[in-house]
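K.L.:
This is the structure, below, for whatever I ask next.
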Number of protein chains: 2
Amino acid sequence: MPHAINTSTQKLAEQIHQGDTRALARAISLIENNASQAQDILSACFPYTGKALRIGITGSPGAGKSTLVDQLARAWRKQEQTIGIVAVDPTSPFTGGAILGDRIRLQDHSSDPGLYVRSMATRGALGGLAQATADAAQLIEASGKDLVLIETVGVGQDEIDIVRLSDITLVILVPGMGDDVQSLKAGIMEIADIFVINKADREGADRVEKEIRAMQSLSHSVDNWTPPVIKTIATTGAGIAELISTIDARKTWLATEGRMEAKRQTYWQQRIETMVQQALLKAARTHGLSTEELAQHAQRITAKEENPYQLVPNLVAEIFQHRKAKP
Amino acid sequence: MPHAINTSTQKLAEQIHQGDTRALARAISLIENNASQAQDILSACFPYTGKALRIGITGSPGAGKSTLVDQLARAWRKQEQTIGIVAVDPTSPFTGGAILGDRIRLQDHSSDPGLYVRSMATRGALGGLAQATADAAQLIEASGKDLVLIETVGVGQDEIDIVRLSDITLVILVPGMGDDVQSLKAGIMEIADIFVINKADREGADRVEKEIRAMQSLSHSVDNWTPPVIKTIATTGAGIAELISTIDARKTWLATEGRMEAKRQTYWQQRIETMVQQALLKAARTHGLSTEELAQHAQRITAKEENPYQLVPNLVAEIFQHRKAKP
């Protein structure tokens, strides 16, 4: 049964909805820290979400993603679009976001209420970065931004999980990425709605485009959209206008035949499963899975006194049993 | 309560223990495919595990990890050590391991019963690649190999999760990795027991070493081991002997003051928590969380008719309730 949301949480949600940047920043911090009121804030903000367009930006380190995102943000601000940016760094599980947090990007926009920038880095296993990013994006949406940009550092499975929450995904490539570029591309080909070849003035830009086209010719387009390839030079702004109009074209495409709804539905289906899984573990932690007990089991397993593949089914049965006794 | 393991599963476990390579390959496939007997095989093999040394190898794409692993394997085989290699590719969530699977590596060893090579790629969210890799490593251990090498493709969070199961972790760097090498290093500095600078004949090898040393001087060594930096040229075999003696030194270090036990205990503590979480979700899938029901909820959430942050606590309560009714 959902419990009543208390007044201060409700008030925070209202402040976020009214565009209060400090309230938004505070709420995202509560999410990052797994604070007890986090779920209530998300619940209270949920009715205000769903209107923003979410754009995911991923690509190899060194591809110039930050500069590209900055250029896009500037161009959209000129069009009077309001923007939230979440910069995510899953490669840094220990430093806690210092790398991105210290970025002095978009400094000239720091007093612009139409632009909100937030860095996030890896948190503990429970929840995970992809979930925290998704929740942060929800709050930014609730604050009324027209566009939410989610920028990641690399191209691993984490980044793919993160950009999965986007309506449109840009994959940024760069000429001269080295031997294993083939293996990198294999994983990201399928998530790209639009390819961007940045630093396109470098030697090899045409070869990268040819490689993308060759891969595309091998896979059959299932949904009547072949991801376009746009060349940019983010540092000079070249190609940014074309990229924006390509994003607009994809937005129009999504708006027809219920494609946007279908995409978001698929997303939510995976998302609630993950949320349930996390909630179950949280419940389990209070029923027979305390840190002390885990440590004792781990010690016995290491000493070969206990078999983990027999222990776990037993623990799960106990958890349910306990819950049964104390409803 | 643990159920009885059936005879054919028990027989498969015995075959693995006796070093039957085809039985081992079949069992790993069962794990990859989440087959119903997977947990029973792991349970039956568990008593035969714990004796092998697990070595994790990670580093940027293009760092020459495969060649290095091949050279290490060759050198260890000459020392009569038996070896299992698990090559993991988390960057390829859709292609299902074709990239690594097609590798024609170590061809001249293909008839050597002392060497077993297996490729793995990303599977669905349930279970996950890190878990499947850990389970595969367990089975390889049970087959009696002295060394289990776990090689990953990149340096993201996934790779870190994967190498966490190792006793010793090698991080492979290479000169001239580009602008964002700093940000890559930040995440992997903490997991490296030994740094390897491969392709050390390239320009910039000394600079990479200096950068590692500079970072090490900033962080204080908590456990009386400053990760050594070894230079190799995997293609020629240069530095391999030194690398092997450094791995031996780390093994000796681990063998004292109960360090190995402490490390494995920490690993198992995290591992059983993950296993419980997965088992809970699996139980939930049969109690009120069918794919059809998930799809219906997702549809209502997308249409703003349902609030996911209220739904999930309700679903979890229902799951426990259901279980209570049918013990």
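K.L.:
Among the residues of segment A:20-29, what is the count of those that are surrounded by fewer than 21 Cβ atoms within 10 Å (Cβ to Cβ) and out of contact with any strand residue (DSSP E or B) (no Cβ under 9 Å at 6 or more places or on another chain)?
P.N.:
5
K.L.:
If you don't mind, there's one more thing I want to ask. Could you check segment A:17-47 and list, in sequence order, the residues that are part of a helix (DSSP H, G or I) and more than 14 Å from chain B (Cβ to nearest Cβ)?
P.N.:
Passing the criteria: A:HIS17, A:THR21, A:ARG22, A:ALA23, A:LEU24, A:ALA25, A:ARG26, A:ILE28, A:SER29, A:GLU32.
K.L.:
Evaluate the following for B:ILE240: is it within 15 Å of B:LEU68 (Cα to Cα) and under 21 Å from the mean Cα position of the chain (by Cα)?
P.N.:
It is false that B:ILE240 is within 15 Å of B:LEU68 (Cα to Cα) and under 21 Å from the mean Cα position of the chain (by Cα).
K.L.:
Being touching a strand residue (DSSP E or B) at 6+ places or on another chain (Cβ under 8 Å) and of a type in the set (A, V, I, L, M, F, W, C) is the filter here; which residues of segment A:239-261 pass it?
P.N.:
The answer is A:LEU243, A:ILE247, A:LEU254.
Every residue, every condition in (1) surrounded by fewer than 21 Cβ atoms within 10 Å (Cβ to Cβ); (2) within 25 Å of B:LYS304 (Cβ to Cβ); (3) without any contact (Cβ under 8 Å) to a residue 24 or more places away in the chain, yes or no:
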residue	(1), (2), (3)
A:HIS17	yes, yes, no
A:ALA44	no, yes, no
A:TYR48	yes, yes, no
A:THR67	yes, no, no
A:ALA73	no, no, no
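K.L.:
Could you look through segment A:251-274, keep only residues that are in contact (Cβ under 8 Å) with a residue 60 or more places away in the chain and under 21 Å from B:ARG285 (Cα atoms), and pick out the one that is surrounded by the fewest Cβ atoms within 10 Å (Cβ to Cβ)?
P.N.:
Going through the qualifying residues, I end up with A:GLN270.
K.L.:
Also, quick follow-up: Hey, among A:GLY50, A:GLY56, which residue is of a type outside the set (Phe, Trp, Tyr) and part of a loop (DSSP other than H, G, I, E, B)?
P.N.:
A:GLY50
K.L.:
Among (1) among the aliphatic types (A, V, I, L, M); (2) touching a residue at least 60 places away in the same chain (Cβ under 8 Å); (3) not in a helix (DSSP H, G or I), there is one condition B:LEU243 misses while meeting the rest; what is its number?
P.N.:
Of the numbered conditions (1) among the aliphatic types (A, V, I, L, M); (2) touching a residue at least 60 places away in the same chain (Cβ under 8 Å); (3) not in a helix (DSSP H, G or I), the odd one out for B:LEU243 is (3).
K.L.:
For a quick check of your reading: which helices (runs of 4 or more DSSP H) sit entirely within segment A:93-211 and have at least 3 residues that are under 17 Å from A:GLY56 (Cβ atoms) and at pLDDT 90 or above?
P.N.:
Result: A:128-142.
K.L.:
I would also like to ask the following. If you take the residues of segment A:275-322 that are outside any helix (DSSP H, G or I) and more than 7 Å from every other protein chain (Cβ to nearest Cβ), which of them is surrounded by the fewest Cβ atoms within 10 Å (Cβ to Cβ)?
P.N.:
So the residue we want is A:GLU305.
The values are calculated or read from the model by the stated rules, or taken from the named source; none is laboratory data. In this text the structure is predicted, and so the values were computed from the model without any measurement. Reconstructed Cβ throughout: ideal geometry from the backbone, glycine too, with neighbour counts over all protein chains shown.
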